[in-house]
Protein chains: 2
Amino acid sequence: MLKKVNLDAKLKKSELKKLLDEKLGYELGKAQRAARDAGMPVIMVFEGWRNSRRSEILGKMMQFMDARGFHVYTSSRITEEERKLPFFTPFWKRLPAPGHMAIYRHSWYYLKNDMEVKNEEKSVNTTFDHINAFEKQLTDGHYCLLKFFVHVSEKQQEKNKKNIIKETGKAWKPIHEIYSEEDQYDKFYKRYNEMLKATDTEYAPWNLISGDDVDVAEYEVFNAIVDGINKAVKAFTTYKEAQRLSTNVSDSKRKYDVLSKVDLSKNIAKDEYKAKLAEYQKRLRELQVEAFNKGISTILAFEGWDAGGKGGAIKRVTEALDPLDFSVHPYSAPNQVERMFHYLWRFWINVPEPGQFALFDRTWYGRVMVERIEKITPDVDWRRGYDEINEMEKEWTEANIVVLKFWLQIDKDEQARRFKERENNPEKLWKITDEDWRNRAKWGEYEDAVNEMIGRTNTDYAPWIIVEANSKYYARLKVLKSIIDALEKKLKDK
Amino acid sequence: MLKKVNLDAKLKKSELKKLLDEKLGYELGKAQRAARDAGMPVIMVFEGWRNSRRSEILGKMMQFMDARGFHVYTSSRITEEERKLPFFTPFWKRLPAPGHMAIYRHSWYYLKNDMEVKNEEKSVNTTFDHINAFEKQLTDGHYCLLKFFVHVSEKQQEKNKKNIIKETGKAWKPIHEIYSEEDQYDKFYKRYNEMLKATDTEYAPWNLISGDDVDVAEYEVFNAIVDGINKAVKAFTTYKEAQRLSTNVSDSKRKYDVLSKVDLSKNIAKDEYKAKLAEYQKRLRELQVEAFNKGISTILAFEGWDAGGKGGAIKRVTEALDPLDFSVHPYSAPNQVERMFHYLWRFWINVPEPGQFALFDRTWYGRVMVERIEKITPDVDWRRGYDEINEMEKEWTEANIVVLKFWLQIDKDEQARRFKERENNPEKLWKITDEDWRNRAKWGEYEDAVNEMIGRTNTDYAPWIIVEANSKYYARLKVLKSIIDALEKKLKDK
């Protein structure tokens with residue numbers, strides 16, 4: 001792809017300067033305001049050769065934009081702690097809010113290169129497929145994503161380097177020393193070409209910039225941004241309007257059925273429960289220490305019918321754990337701030353650090369349950385959720401995280417019994433709300449949604465565990481035992 | 001103070017166990033729910049001797065509480081990056097939301113000890129006075145703060161240590177090795193005594209716990225929590241009710257006057273402006289590189305009348321800076337999430353990393369301006385703001401941050417002229433809202449508030465710079481020159 005870039009591109013200097021300072025600069029500010037007014041979040045990626053004067057191009061851009069509306073990041077500033085988390089975590093955490101811009105001078109591609117060159121740091125590993133999936137999630141999530149690659153010839157690169165050293169002297173920052181392209185132009189040329197080819201997708205195409213003449217580069221970048229944002233705003237506005245008017249037509253084709261086959265008669269006596277509980281909790285604590293020492297973290301996702309016993313099961317797990325090494329994250333409808341971001345953002349920010357447990361009380365699966373049934377999200381969007389969720393869980397497991405998902409299954413009679421018990425017990429009354437009764441009325445719809453959800457997202461790397469939960473004792477032990485089994489397996493494999 | 005602790009405290013074992021498991025445990029859960037229902041945030045600090053079995057006490061506590069409602073922290077897990085920020089930053093960032101609990105096993109006292117022992121790491125430095133000020137801000141901000149110190153005898157400490165090693169073997173975590181009290185019981189006894197004495201305040205008293213018998217310790221801790229939370233809920237509810245009904249009676253005694261003395265005729269010719277602007281921006285960029293290399297960060301706070309030219313001044317500053325090394329943080333009324341926390345929280349989370357610039361477009365001074373005038377905050381609360389803000393800015397400057405605060409002063413005629421200009425220019429129309437006109441109607445009230453604000457918060461470590469801003473050119477240059485002067489001074493001192 002780099003061959004196609006016209007490095008001899010020249011425009012009449014005086015004309016170009018005038019265009020930039022007067023017309024295009026103004027258009028840039030206007031495009032930023034259009035994105036802000038539409039509430040469209042923008043992500044820009046500036047990759048390119050070292051010494052391709054990207055900072056200069058960025059600096060020029062900034063002059064025409066409102067600094068309150070953007071933030072410039074570089075992945076070389078990602079903290080040591082963040083590098084221990086799944087690869088995309090820092091980028092998910094830094095998603096721009098509606099109407100804002102995140103500008104990356106070095107992005108997820110930088111780490112990619114870094115890795116390929118050094119070829120040692122497993123922790124910063126990702127693949128072009130993961131990058132493409134990530135970018136698809138962003139554009140599907142209606143983020144405007146603009147990618148630039150500034151190409152320079154070997155000769156020009158050398159020239160720029162000399163100038164930069166002359167201008168800034170030794171005062172300049174050590175960041176430039178992180179990795180080196182010196183004397184490896186051909187090698188990098190090949191690598192960049194591969195990268196550009198593999199990640200030039202329909203939804204996130206590269207803008208290749210002629211970088212030998214910095215004025216031309218600025219001209220091309222400005223033009224592409226103005227054009228890109230204006231087009232995206234139009235599409236974004238159309239989408240928002242369509243969303244407002246959307247009618248949800250369910251067209252589930254394949255029929256899934258898991259729940260009807262669950263044997264809810266499974267039970268266990270109190271004495272045996274007490275003995276096993278103590279045994280399992282002790283074992284879990286031992287495994288926690290071992291997992292901590294090996295930097296293995298665990299994500300436990302709890303879903304199930306209202307009054308299915310999620311709280312009680314979570315409690316038996318956390319009782320066994322060191323309070324310093326776990327967090328429980330309860331989720332309900334997203335709040336004002338959470339609604340500003342991609343629907344997966346509020347889960348990514350709680351990915352556990354190495355060695356930690358994170359328990360999610362209700363999860364990202366709300367996308368394909370409540371959001372589907374209550375028609376909160378258009379069909380086309382929640383349907384995409386199955387793939388998006390599988391992709392996310394895959395990234396987690398590849399980052400040395402054990403991911404288990406529990407569905408606590410009870411039948412309708414048992415739920416009625418528990419609801420009534422709660423209503424009659426002043427100490428438990430707070431646990432039951434009108435919403436619980438409303439959800440119950442949609443039992444059938446939920447059953448369909450759950451069946452499809454489990455069918456489509458039960459992967460070997462992040463399996464669903466269906467817990468027969470009419471008996472609370474049985475359910476709690478099954479949850480504990482499943483965690484123990486998964487950890488023992490993981491620790492043995494490791 | 002440690003002398004007063006009864007280390008021989010004994011209760012009848014069987015009675016104690018029953019009390020804990022049945023009555024007190026239940027009361028604990030109930031207290032947690034009461035705090036949740038009242039929306040009261042709770043912070044608990046568990047300090048004590050090493051090997052005082054605090055983890056065991058905490059673990060027992062957890063069994064009776066809803067894990068979705070608390071998070072356990074330890075300051076030894078504070079990241080390297082966070083340790084470079086002002087001392088209290090991580091604790092501000094981790095404030096619990098309404099109805100939630102943050103439990104610290106090792107808190108801001110741990111670092112204090114750590115420092116005193118090692119006596120080397122300047123970066124984790126704080127003082128008892130700062131701790132007291134921080135805790136006062138928390139309790140004044142209606143956080144329920146409970147502090148525990150578990151005291152054990154030297155003999156018991158040794159015994160516990162042996163048991164812990166026996167039980168957990170070598171599998172246990174290296175965290176225990178961070179600092180050592182071994183063979184220094186007397187030295188630590190003295191230090192803990194000093195610490196407890198210096199920080200045992202009326203608003204945040206210590207609960208001293210008899211730790212030689214762990215059952216007794218649990219009993220004392222549970223009792224103190226139940227009692228502490230229940231009392232605090234009562235006070236919190238009363239406060240919330242009073243806040244709802246509050247009438248604001250302004251009783252400003254001392255008369256401040258700064259604004260009337262400002263010479264708004266100051267001006268500069270366009271040619272001279274252009275020349276100076278280029279010169280100052282070049283110099284600022286040089287200083288930025290120097291400050292970056294020395295790890296000195298800069299906080300620039302911008303306040304001023306609507307249409308006073310804040311945006312234009314900020315732009316001339318950011319134009320000069322490397323886009324990777326600054327952030328602009330605009331503030332307006334707090335959003336749903338921001339409202340959940342202490343009013344200073346949303347500013348603490350944007351404290352710049354070493355070497356960075358953070359520009360605040362409107363600031364924490366909203367507390368004593370708009371919140372005062374619009375009666376958003378009761379008198380007693382915003383009045384405390386002056387001290388709270390001074391304390392915060394002091395901590396920042398002590399952490400190697402340059403703090404400058406700009407007030408952009410224009411007169412009422414100039415504002416009217418600018419408002420009209422904006423209304424007549426379709427490209428600037430978005431800058432003007434009804435709120436601007438409403439604020440203008442309260443010019444006199446704002447004048448009083450600003451005068452008092454500057455009078456009370458113009459400190460030598462974080463000075464106010466009054467910018468004569470009827471001339472935009474003059475104003476921008478003064479802002480730039482003030483930053484240059486402050487940085488040059490700081491870099492020379494360093």
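The values are calculated or read from the model by the stated rules, or taken from the named source; none is laboratory data. In this text the structure is predicted, and so the values were computed from the model without any measurement. For neighbour counting, all protein chains shown are included, and Cβ atoms are generated from backbone atoms with ideal geometry for every residue, glycine included. For accessibility, only protein heavy atoms count, side chains too; no ligands or nucleic acids. Shrake-Rupley method; radii C 1.70, N 1.55, O 1.52, S 1.80 Å.
From the list A:Y446, A:Y461, the lone residue that is touching a residue at least 12 places away in the same chain (Cβ under 8 Å) and over 30 Å from A:G355 (Cβ atoms) is A:Y446. Scanning region B:456-466 turns up at least one residue that is hydrophobic (A, V, I, L, M, F, W, C) and more than 14 Å from B:V258 (Cβ to Cβ). Does B:E22 satisfy the condition of being touching a residue at least 12 places away in the same chain (Cβ under 8 Å), more than 30 Å from A:T363 (Cβ to Cβ) and surrounded by fewer than 16 Cβ atoms within 10 Å (Cβ to Cβ)? In short, no.
Quick grid of which residues meet (1) open to solvent by 50 Å² or more (accessible area, probe 1.4 Å); (2) at pLDDT 95 or above:
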position	(1), (2)
A:A198	no, no
A:T201	no, yes
A:Y219	yes, no
A:I225	no, yes
A:V233	no, yes
A:E241	yes, no
A:D251	yes, no
A:D257	yes, no
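The single condition among (1) of a type in the set (D, E); (2) under 22 Å from A:R94 (Cα atoms); (3) open to solvent by 30 Å² or more (accessible area, probe 1.4 Å) that A:E447 does not meet is (2).
Within region B:135-156, the set of residues being open to solvent by 20 Å² or more (accessible area, probe 1.4 Å) and among the polar types (S, T, N, Q) comprises B:T139, B:S153, B:Q156.
Taking the condition under 27 Å from the mean Cα position of the chain (by Cα), touching a residue at least 40 places away in the same chain (Cβ under 8 Å) and either closer than 30 Å to A:L321 by Cα or more than 14 Å from chain B (Cβ to nearest Cβ) (or both), does A:Q288 pass? Against the criterion (under 27 Å from the mean Cα position of the chain (by Cα), touching a residue at least 40 places away in the same chain (Cβ under 8 Å) and either closer than 30 Å to A:L321 by Cα or more than 14 Å from chain B (Cβ to nearest Cβ) (or both)), A:Q288 qualifies.
Flag: B:Y109 matches the condition of being of a type in the set (F, W, Y), modelled with pLDDT under 90 and surrounded by 19 or more Cβ atoms within 10 Å (Cβ to Cβ).
Does B:K294 fit the bill of being away from chain A (no Cβ under 14 Å), of a type in the set (K, R), at negative phi and surrounded by fewer than 17 Cβ atoms within 10 Å (Cβ to Cβ)?
No, not satisfied.
Within region A:40-68, the set of residues being away from chain B (no Cβ under 14 Å) and under 17 Å from A:L95 (Cα atoms) comprises A:M40, A:P41, A:V42, A:I43, A:V45.
Considered as a group, the residues in region B:25-37 that are in contact with a Gly (Cβ under 7 Å, 6 or more places away or on another chain) and open to solvent by less than 40 Å² (accessible area, probe 1.4 Å) include one that is nearest to B:V216 (Cα to Cα), and that residue is B:Q32.
Where strands (runs of 3 or more DSSP E) fall wholly inside region A:303-419, the ranges with 1 or more residues that are closer than 21 Å to A:E447 by Cα and within 14 Å of chain B (Cβ to nearest Cβ) are A:357-361. Could you tell me whether region A:74-97 includes any residue that is within 12 Å of chain B (Cβ to nearest Cβ), touching a residue at least 60 places away in the same chain (Cβ under 8 Å), surrounded by fewer than 21 Cβ atoms within 10 Å (Cβ to Cβ) and more than 30 Å from A:G295 (Cα to Cα)? Scanning region A:74-97, I find at least one residue that is within 12 Å of chain B (Cβ to nearest Cβ), touching a residue at least 60 places away in the same chain (Cβ under 8 Å), surrounded by fewer than 21 Cβ atoms within 10 Å (Cβ to Cβ) and more than 30 Å from A:G295 (Cα to Cα), so the answer is yes. Would you be able to say whether some residue in region A:383-392 is under 30 Å from A:E290 (Cβ atoms) and open to solvent by less than 20 Å² (accessible area, probe 1.4 Å)? So far as region A:383-392 goes, yes, one or more of its residues are under 30 Å from A:E290 (Cβ atoms) and open to solvent by less than 20 Å² (accessible area, probe 1.4 Å).
Only one entry in A:K122, A:K147, A:K155 is at pLDDT below 90 and among the basic types (K, R), namely A:K122. B:A278 meets the conditions (1) among the hydrophobic types (A, V, I, L, M, F, W, C); (2) surrounded by 21 or more Cβ atoms within 10 Å (Cβ to Cβ); (3) farther than 29 Å from B:R440 by Cα in every case but one. The failed one is (2).
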